[in-house]
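The values are calculated or read from the model by the stated rules, or taken from the named source; none is laboratory data. Keep in mind that this is a model prediction, so the values were computed, not measured. Here the Cβ positions follow ideal geometry from the backbone for every residue, glycine too, while neighbour counts run over all protein chains shown. Keep in mind that these areas ignore ligands, DNA and RNA; they rest on the heavy atoms of the full protein, side chains included. Shrake-Rupley method; radii C 1.70, N 1.55, O 1.52, S 1.80 Å.
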Amino acid sequence: MSAVPRQVVAARPVSGWQNRMAGTVAKSAALVPRASSTLTSSRSSFPAVNGCIRSAACGASKSIIVPGFAAGAVKQSGPLGRRALSVKAVAAPAKLSTEEAATKYGFEIVKKEFISEYNSDATLFRHKKTGAEVVSLVNDDENKTFGAVFRTPPKNSTGIPHILEHSVLCGSRKYPIKEPFVELMKGSLNTFLNAFTYPDRTCYPVASCNTQDFYNLVDVYLDAVLYPNCIRDKQTFEQEGWHHELEDPAEDVTFKGVVFNEMKGVYSSPDSVLGRECQRVIFPDNTYGVDSGGDPVVIPELTFEEFKEFHALYYHPSNGRFWFYGDDEPSERLRILDEYFKEFDRVEPNSAVAKQSFFKEPKYVVEKYAASDNAEEEPKTFLAVNWLLSEEPFDLQTEFGFSFLNFLMLGTSAAPLRKALEESGLGEALVGGGLEDELRQPTFCIGLKGVKAEDVKKVEELVMSTLEKLAKEGFEAEAIEAAVNTIEFSLRENNTGRFPRGLSLMLRSMSAWLYEGDAFEPMKYAAALEAFKARMATEDVFGPLIHKLLLENPHRVTLELQPDPALGKQMDADEKAKLTAFQKSLGEEEVALLIENTKALKLKQETPDDAAALRCIPSLALADIPSKASTIPCAVEENNGTTFLRHDLFTNNVLYMEAAFPLNTVPASLVPLVPLFCRCLTNMGTDALSFVELTQKIGRKTGGISVYPMVSDRRDSPEPVSYLMVKGKTMGDKVEDMLELYTEILKDIDFNDKDRFRQMVLETKANMESRVVGGGHSVAASRLDAMNSVAGWVNEQMGGISYLEYIRDLARRVDEDWEGIVRDLKAIRAAVLAQKGAVLNLTADEQTLTALDGPLNSFLAALPATGGQQQTWSTTLEGLNEALVVPTQVNYVGKGGNLYKAGYELNGTSYVISKYLGTSWLWDRVRVSGGAYGGFCDFDSHSGMFTYLSYRDPNLLGTVDVYDGTGDFLRGLEMDEDAMAKAIIGCIGDIDSYQLPDAKGYTSMLRHLLQVSDEERQIRREQILSTTLKDFREFAEALEAVKNSGKIVAVASAEAVKIANEKRPGFLNVKNII
């Protein structure tokens, strides 16, 4: 259960190669906390849905009621230095000094120091017997983090690292069940649980605030990576990787496999194809030139023998880097590791990543992507200019230099290189993200998508000419001051959101440690930052960097990615030809064997582990779970129609503030314009400041300001809760500056910049089209919500297919009716801007909160007393089954219905059941057996909407049938006390999710707006803790409403929709989107 309900439309965190620009502050340096963007894939099957990540870290249900061992030892021998191992749970040892612990558990201390930036005692250990390296950070952070990282450089694009990342978590020596990973999702208090495949490494991180739970997670993960069952079980390889599937000799053979279908989805996205090709062309001669995630064309070439050999070669302590962080006992960390490491002998895995040699001259490469052959508009080209920057990872001073340069050129909409590209009219949106420094050698990439054929060459020319101008003229002093403040604020705040701070530091450390660099250096920024600031004051730091690393650098590749409407069909035809040839090569006995193997795999996939076997997974007891719901301090005050919410929390002198203004005063006809209105408030100039000056002022005076709409259903009310949110953060001594900026952007924005507005429209259009192809599950969910509630309709108007259609029309209207658009923007401002009904949400320590009264009163006094009249939004989309057709090789299938309208009354047990369905029935049938990358469900307790969703799914009708079988599954379900306890504990883990202070303040505000009291939250918690099997059976009856009257929305290819409608005539109403 997330702090933010799924219905809420908010600033959406984005990740992935194609969207790096959305996180430029976080991406400005490896020194800055961030999640990875070089990530190839992750283990979780719960992708983003309307801004909430469906993962073990945040839960399957989106209610806002809250923000927030000893298995029998198994002995076996194995390859490459493994010896028989027997591990038994023992009592934790007495506290030992670092030196005593190292000696006792077979480690040597390589390096030890205090890292003041994170108040951490850091020690680098080396295991004497295996050579395994361990970084141990000890501090007062209760959100403890562990990670096991192995260098896994692939030699081809068969996807071995990715398939192995999935497979090792499917049972191990001590935990010999089908999916320990899923059992941990069901029944632990984890704050993070996942695995990542990078181009050159594979990471297995976990986090938890509960010490025993944390050690349980660590043990399961260590056993999984070092002793997985998958290296002896070909069926796991076939399930997670690929296999031929045939159930009837009269049918056609198909390819199936979770990774195979996941990567089909990746390769269906032009943005992802661009990212893959950019990496390939800039690194043609080393491991980065192949795809560690796997190319669907060559994944079926991978053999089980190669798969086993890869694990034997790289999954060994000698090739590992292991990470601990948090407030647990440091000597216990070494004991746990030694229990595993001591059974291995040192090996030399030869996993070092070879350097890419520099080109002697720039190159120009043309590739193709699969475009729609029925698009309304002519498909357009992507153009990206790429540089390899260095033969080695940057030293700290160069890292600072180029990171600041990266931010100065691209970090805000007013940054000169970004601004030049966006305002050029040559394309619709930026691609590339500038500096990428997480791999062996740093790179830089920038370009545009949505480029007309005749303008392609102009993009590279503009990039180069802008760089030459910047090298010659430099940057304004105000821009440099803003960059320094923004980056320094981000470093000192260390706000990683839902991402554990320890994991952020681990990924940062790996940027050096993985390549034989200093593991501590990337975390020690303070002295280097001061030294760099001193250099900036006395010399031109940036001009020489631009000349040396960009303008005079021969290792530059310009990649032109052209649309090919025939490519998708050709790829499908090639795959079908392969399968046809394979099928024709089979004799009768071979066909029979293939059918038998298919049935055997499905039987294994669909047969649950017995209760006794599941008990091997360590778990807490219900008695360990607090019976009382946690609360967040919140002082509520009303004054002249404005509500003040104050949260007294330690924030290290940072003020977090949301100013919320009612949106229900906006006429329904103007609702789709609201998101662009929000962008205008921070992306246009004011009456007194140009757009560039305003952006620089925000950077100098704050840690960032954003504006976005928030719309949600509220239980027991037909009227949606809707606000315009102005969100900002600043240091306590700059509060007045931030409030002055709030006043300027709300009152004084000049909407008359036609060219800038046009570019925002085109960028929105391009990004929405990318989202439909790459994140169709969220589009389907939004569409279903719009059929069921007014809030859902409003959100769909501001972020769904209706919004995309509106934006396409708006792009034409800019030239035909610009004055009308300006009037509409001003009308929205007049409607929402008012003291009456406003809510000011303030999170800081008591001293900072006490000093706010004067500045807040001045801010409010500058606003009009009242705004527009309340409007009646009473519209929903017509309820029908829809197929939204896009060019894709996979499907996203949704089905949903409203339980409240069918008579269901909310009970906390529904949260337990919803999560359990996502980690059992839907996981097993949609993902494991069906081959989709993800299958999950969501119950929105505010609207009553229950939604099933699949992600990168090879099926369509079959997935709908699984959804419709959920009730029967629940009726026939048997659960012993252990299984029920795990389900409850896992749900509580989502409810009690770890939050930083700003998130706590925001959560408390949402509870206030949605009228969710602490008393109600306690009732729901008690209902959760008392969940029984009877509740599961009763919920099955509630889900009949979804089966019988729910609607279906599928984002799919034309061919998949055609086949579905042939099997069930008239089943789906077809709507072509791209």
For this session: Kindly indicate which of 746, 825, 739 is under 30 Å from residue 494 (Cβ atoms), open to solvent by less than 30 Å² (accessible area, probe 1.4 Å), touching a Phe, Trp or Tyr at 6+ places or on another chain (Cβ under 6 Å) and at pLDDT 95 or above.
Result: 739
For this session: Being surrounded by 17 or more Cβ atoms within 10 Å (Cβ to Cβ), closer than 17 Å to residue 416 by Cβ, not β-branched (Val, Ile, Thr) and not assigned by the TED database to the domain that holds residue 728 narrows it down to one of 471, 477, so name that one.
Result: 471
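Quick grid of which residues meet (1) surrounded by 24 or more Cβ atoms within 10 Å (Cβ to Cβ); (2) touching a Gly at 6+ places or on another chain (Cβ under 8 Å):
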site: 111; (1), (2): no, no
site: 120; (1), (2): no, no
site: 124; (1), (2): no, no
site: 143; (1), (2): no, yes
site: 151; (1), (2): no, no
site: 155; (1), (2): no, no
site: 162; (1), (2): yes, yes
site: 167; (1), (2): yes, yes
Seminar exercise, completed: With the first residue restricted to the stretch 131-143 and required to be of a type outside the set (Phe, Trp, Tyr), and the second required to be in a strand (DSSP E or B) and open to solvent by 40 Å² or more (accessible area, probe 1.4 Å), Cβ contacts under 6 Å at 6 or more apart or on different chains are 133/126; 138/121
Exercise. Residue check, residue 485 against (1) polar (S, T, N, Q); (2) open to solvent by 40 Å² or more (accessible area, probe 1.4 Å); (3) in contact with a Lys or Arg (Cβ under 8 Å, 6 or more places away or on another chain), all met but one. Which one?
Worked result: (2)
Problem set entry | Subset of the stretch 188-210 that is part of a loop (DSSP other than H, G, I, E, B) and in contact with a helix residue (DSSP H, G or I) (Cβ under 7 Å, 6 or more places away or on another chain) - its residue that is farthest from residue 504 (Cα to Cα) | 188
Problem set entry | Criterion violated by residue 352 - all others in (1) within 30 Å of residue 574 (Cβ to Cβ); (2) out of contact with any helix residue (DSSP H, G or I) (no Cβ under 8 Å at 6 or more places or on another chain); (3) not aromatic (Phe, Trp, Tyr); (4) not in a helix (DSSP H, G or I) satisfied | (1)
Exercise. List pairs: first in the stretch 301-324 and over 30 Å from residue 124 (Cβ atoms) and outside any loop (DSSP other than H, G, I, E, B), second open to solvent by 20 Å² or more (accessible area, probe 1.4 Å) and of a type in the set (D, E, K, R), Cβ under 7 Å, 6+ apart or cross-chain?
Worked result: 304/234
For this session: Kindly indicate whether residue 620 is over 25 Å from residue 488 (Cβ atoms) and modelled with pLDDT under 95.
Result: yes
For this session: Report whether or not residue 338 is in a loop (DSSP other than H, G, I, E, B), acidic (Asp, Glu) and open to solvent by less than 30 Å² (accessible area, probe 1.4 Å).
Result: no
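Let's see how each residue does on (1) charged (D, E, K, R); (2) buried (at least 19 other Cβ atoms within 10 Å of the Cβ); (3) outside the structural domain of residue 790 (by the TED database):
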| residue | (1), (2), (3) |
| --- | --- |
| 585 | no, no, yes |
| 650 | no, no, no |
| 661 | no, yes, no |
| 683 | no, yes, no |
Exercise. Is it true that residue 577 is assigned to a helix (DSSP H, G or I) and modelled with pLDDT of 95 or more?
Worked result: yes
Exercise. Are any residues in the stretch 707-719 open to solvent by less than 40 Å² (accessible area, probe 1.4 Å) and within 27 Å of the chain's Cα centre (by Cα), and if so, which ones?
Worked result: 707, 708, 709, 710, 711, 712, 713
Exercise. Restricting the first residue to the stretch 405-433 and requiring it to be not assigned by the TED database to the domain that holds residue 484, which pairs with a second residue that is surrounded by fewer than 23 Cβ atoms within 10 Å (Cβ to Cβ) and part of a strand (DSSP E or B) meet a Cβ separation below 8 Å and a spacing of at least six or different chains?
Worked result: none
For this session: Would you mind finding the one in 218, 297 that is surrounded by fewer than 22 Cβ atoms within 10 Å (Cβ to Cβ) and not small (Gly, Ala, Ser)?
Result: 297
For this session: Could you grab me the full set of residues in the stretch 679-722 that are touching a helix residue (DSSP H, G or I) at 6+ places or on another chain (Cβ under 7 Å) and charged (D, E, K, R)?
Result: 679, 697, 700, 701, 713
Exercise. Residues of the stretch 622-656 being touching a helix residue (DSSP H, G or I) at 6+ places or on another chain (Cβ under 8 Å) and at positive phi, which ones?
Worked result: 640, 652, 653
Exercise. Can you name every residue in the stretch 553-574 that is open to solvent by 30 Å² or more (accessible area, probe 1.4 Å) and not in a strand (DSSP E or B)?
Worked result: 554, 565, 566, 567, 569, 570, 571, 572, 573, 574
For this session: Starting from residues that are more than 20 Å from residue 543 (Cβ to Cβ) and among the basic types (Lys, Arg), keep the ones in the stretch 365-418 and report whichever is most open to solvent (accessible area, probe 1.4 Å).
Result: 368
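Of the residues that sit in the stretch 500-513 and are hydrophobic (A, V, I, L, M, F, W, C) and surrounded by 24 or more Cβ atoms within 10 Å (Cβ to Cβ), which one is farthest from the chain's Cα centre (by Cα)? So that I can check it myself, show each step before the final result.
Residues of the stretch 500-513 hydrophobic (A, V, I, L, M, F, W, C): 503, 505-507, 510, 512-513.
Filter once more, keeping what is surrounded by 24 or more Cβ atoms within 10 Å (Cβ to Cβ): 503, 505-507, 510.
Numbers: 503: 14, 505: 17, 506: 17, 507: 15, 510: 20 Å.
Out of the qualifying residues, it is 510.
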Exercise. Looking at 550, 529, which one is closer than 15 Å to residue 397 by Cα, open to solvent by less than 50 Å² (accessible area, probe 1.4 Å), in contact with a Phe, Trp or Tyr (Cβ under 9 Å, 6 or more places away or on another chain) and part of a helix (DSSP H, G or I)?
Worked result: 529
For this session: Just give me the residues in the stretch 195-219 being β-branched (Val, Ile, Thr) and over 17 Å from residue 321 (Cα atoms), in sequence order.
Result: 211
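Tally up the residues in the stretch 443-465 that are among the polar types (S, T, N, Q) and surrounded by fewer than 20 Cβ atoms within 10 Å (Cβ to Cβ), please.
1
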Exercise. Which of the residues that make up the stretch 1022-1053 are farther than 15 Å from residue 957 by Cβ, part of a helix (DSSP H, G or I) and open to solvent by 60 Å² or more (accessible area, probe 1.4 Å)?
Worked result: 1022, 1030, 1033, 1034, 1037, 1044, 1045
Seminar exercise, completed: Looking across the stretch 700-730 at residues that are at pLDDT below 95 and in a strand (DSSP E or B), the single one that is nearest to residue 686 (Cα to Cα) is 719
